[in-house]
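Single-structure report; data block below.
The values are calculated or read from the model by the stated rules, or taken from the named source; none is laboratory data. Here the structure is a predicted model, which means the values were calculated and not measured. In this analysis, Cβ positions are derived from the backbone assuming ideal geometry, glycine residues included, and neighbour counts consider all displayed protein chains.
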Amino acid sequence: MFKTFKDILTNLFEYVGENKKITDFNVGSVLRTILEAVAAVSEELWYNLQLFVSKFFLNTSSGEWLDRRLNDLGMERKAGSAAYGLITIGRDSPSPISILISAGTIFQNETGELQYTTQADTLLNIGEVSIDVQAQAVAVGSNYNLLSGTVLKQSGIAISGIEWGKIKLMGGGEDIEDDTDFKNRVPDYFDSLSRGTASAIVYAASAVKGVESVTIKENVPSKGWFTIYIDDGSGVANQTLLQSVRAVLEDYRAFTVQYIVDTAKLADFTTHLQVITKADVNDEAVKAAVQEAIIAYVNALKMGQSVYLADLIYLARGVEGAENVRILAPTNDVMLAEDQLLRTSPEEVVIE
């Protein structure tokens, strides 16, 4: 237990008084001044000792010390991953010439904070208006998982003839795992040590960098098999991520058991809401806020999570300035299979 300056000084008074028969502990006395100096140094030692001891316990360690503690158990902190996907690059009219979009071309959002590089040479042919190009974020982080339709602009030397860019699909961006999430994985890690169980397999896949959520189906496609579905946050998990999961599962699957690693089944979510706003508010601003809230809500769902109309109404009415809401479409709750993933975009969320 940590000892304070007051506790230490009291103990010193008691020790000296009982054993040395000295009683002059008045403020300003030579003896009290000496004992106070000793108590101050001792308190600092106790404080540093407490910090040192706390680093050895899972609940009180953090940062590098938490890494060291869990590394001893065989766990590693997820390092974060860069978002990847497709961006649409084009112009407002058919191209009069073929335009080469070289690998390494940089596109960024309006503020310039988020940048993406194209991954392969791509040609916009004569007569074409746009083309989809593979791209990857220049840094790790979930903030790079921009919504479909987000406007991009060229960075650096612009390619002549290219007028605009926008996100088509972008996912897989993951933040460096924080201490809380790292600690929360410990129980699942211990459950996984038995190997061969459904919980162990799900844990192993979830621990792969870039994987957001996992579901598993037993005896699919036939008995003696299982199929595991991977969500990278966008529904466009690439073969590199799937192969990383396959490599990990080789250490977890039971003897002779076969498996398939597949991506989540992406499903579009469309909705049409009528929003009645309060008096003396900006109707367009309120409706835009409702649209933004619904898009953020749907695009944060994990695999198998359904959308209930009651949740949409609650979400929309929670926007400041919204007085009432009526859902015109869909007319029923949107129920998903365990391997499906809902995503939406501004074009699919209509607010009137």
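If you go through segment 262-293 and keep only what is free of Cβ contacts under 8 Å to residues at least 40 places away in the same chain and either touching a Ser or Thr at 6+ places or on another chain (Cβ under 6 Å) or of a type in the set (Val, Ile, Thr) (or both), you end up with THR263, ASP283, VAL286.
Is it fair to say ALA137 is hydrophobic (A, V, I, L, M, F, W, C) and either closer than 24 Å to SER244 by Cα or outside the structural domain of SER93 (by TED's automatic domain parsing) (or both)? Before the answer, list the steps.
Working: hydrophobic (A, V, I, L, M, F, W, C): yes; either closer than 24 Å to SER244 by Cα or outside the structural domain of SER93 (by TED's automatic domain parsing) (or both): yes.
Answer is yes for this residue.
Scan segment 3-12 and give yes if some residue there is assigned to a loop (DSSP other than H, G, I, E, B) and out of contact with any His (no Cβ under 8 Å at 6 or more places or on another chain), otherwise no. The answer is yes, given that some residue of segment 3-12 is assigned to a loop (DSSP other than H, G, I, E, B) and out of contact with any His (no Cβ under 8 Å at 6 or more places or on another chain).
Within segment 52-71, which residues are loosely packed, with under 12 Cβ neighbours inside 10 Å and modelled with pLDDT under 90? Working first, answer last.
Initially, segment 52-71 is screened for residues loosely packed, with under 12 Cβ neighbours inside 10 Å, giving 52-53, 56-57, 59, 63-64, 71.
Scanning segment 52-71 gives PHE52, VAL53, PHE56, PHE57, ASN59.
Within segment 1-16, if we keep just the residues that are without any contact (Cβ under 8 Å) to a residue 12 or more places away in the chain and surrounded by 13 or more Cβ atoms within 10 Å (Cβ to Cβ), the residue that is nearest to the chain's Cα centre (by Cα) turns out to be ASP7.
Restricting to segment 205-231, what's the tally of residues that are outside any loop (DSSP other than H, G, I, E, B), among the hydroxyl-bearing types (Ser, Thr, Tyr) and surrounded by fewer than 22 Cβ atoms within 10 Å (Cβ to Cβ)? Give the steps one after another, and end with the answer.
Initially, segment 205-231 is screened for residues outside any loop (DSSP other than H, G, I, E, B), giving 205-206, 213-218, 225-231.
Narrowing further to those that are among the hydroxyl-bearing types (Ser, Thr, Tyr): 206, 213, 215, 227, 229.
Within this subset, residues satisfying the condition of being surrounded by fewer than 22 Cβ atoms within 10 Å (Cβ to Cβ) are 206, 213, 215, 227.
Adding up the residues that qualify gives 4.
Taking each residue of segment 25-51 that is under 10 Å from PHE2 (Cα atoms) and looking for partners that are surrounded by 11 or more Cβ atoms within 10 Å (Cβ to Cβ) and of a type in the set (S, T, N, Q) with beta-carbon atoms closer than 6 Å, six or more apart or interchain, yields nothing.
Taking segment 179-189 as the range and being loosely packed, with under 13 Cβ neighbours inside 10 Å and not hydroxyl-bearing (Ser, Thr, Tyr) as the test, the residues that pass are ASP181, ASN184, PRO187. For segment 95-113, residues that are within 16 Å of TRP164 (Cβ to Cβ) and either in contact with a strand residue (DSSP E or B) (Cβ under 7 Å, 6 or more places away or on another chain) or modelled with pLDDT of 95 or more (or both) total 9.
Taking segment 101-122 as the range and being of a type in the set (A, V, I, L, M, F, W, C) and surrounded by fewer than 12 Cβ atoms within 10 Å (Cβ to Cβ) as the test, only ALA120 passes.
Take the conditions within 19 Å of SER213 (Cβ to Cβ), touching a Leu at 6+ places or on another chain (Cβ under 8 Å) and among the charged types (D, E, K, R) and apply them to ARG343. Does it pass?
Working: within 19 Å of SER213 (Cβ to Cβ): yes; touching a Leu at 6+ places or on another chain (Cβ under 8 Å): yes; among the charged types (D, E, K, R): yes.
So ARG343 passes the test.
Of all the criteria given as (1) within 30 Å of THR122 (Cβ to Cβ); (2) in a loop (DSSP other than H, G, I, E, B); (3) over 25 Å from the mean Cα position of the chain (by Cα), the one not satisfied by ILE89 is (2). Scanning segment 92-128 for residues that are free of Cβ contacts under 8 Å to residues at least 40 places away in the same chain, within 26 Å of the chain's Cα centre (by Cα) and not in a strand (DSSP E or B) yields GLY104, THR111, GLU113, LEU114, GLN119. Taking segment 320-352, which residues are of a type in the set (Asp, Glu) and part of a loop (DSSP other than H, G, I, E, B)? Scanning segment 320-352 gives GLU320, ASP333, GLU338, ASP339, GLU352.
Kindly indicate whether TYR308 is under 22 Å from ASP232 (Cα atoms) and of a type in the set (Phe, Trp, Tyr).
Values: under 22 Å from ASP232 (Cα atoms): no; of a type in the set (Phe, Trp, Tyr): yes.
Taking the combined requirement at face value, the residue does not satisfy it.
For the criterion of being closer than 30 Å to ALA135 by Cβ, among the acidic types (Asp, Glu) and either surrounded by 12 or more Cβ atoms within 10 Å (Cβ to Cβ) or within 33 Å of the chain's Cα centre (by Cα) (or both), GLU76 passes.
When residues in segment 137-178 are screened for being among the charged types (D, E, K, R) and surrounded by 19 or more Cβ atoms within 10 Å (Cβ to Cβ), 2 of them pass.
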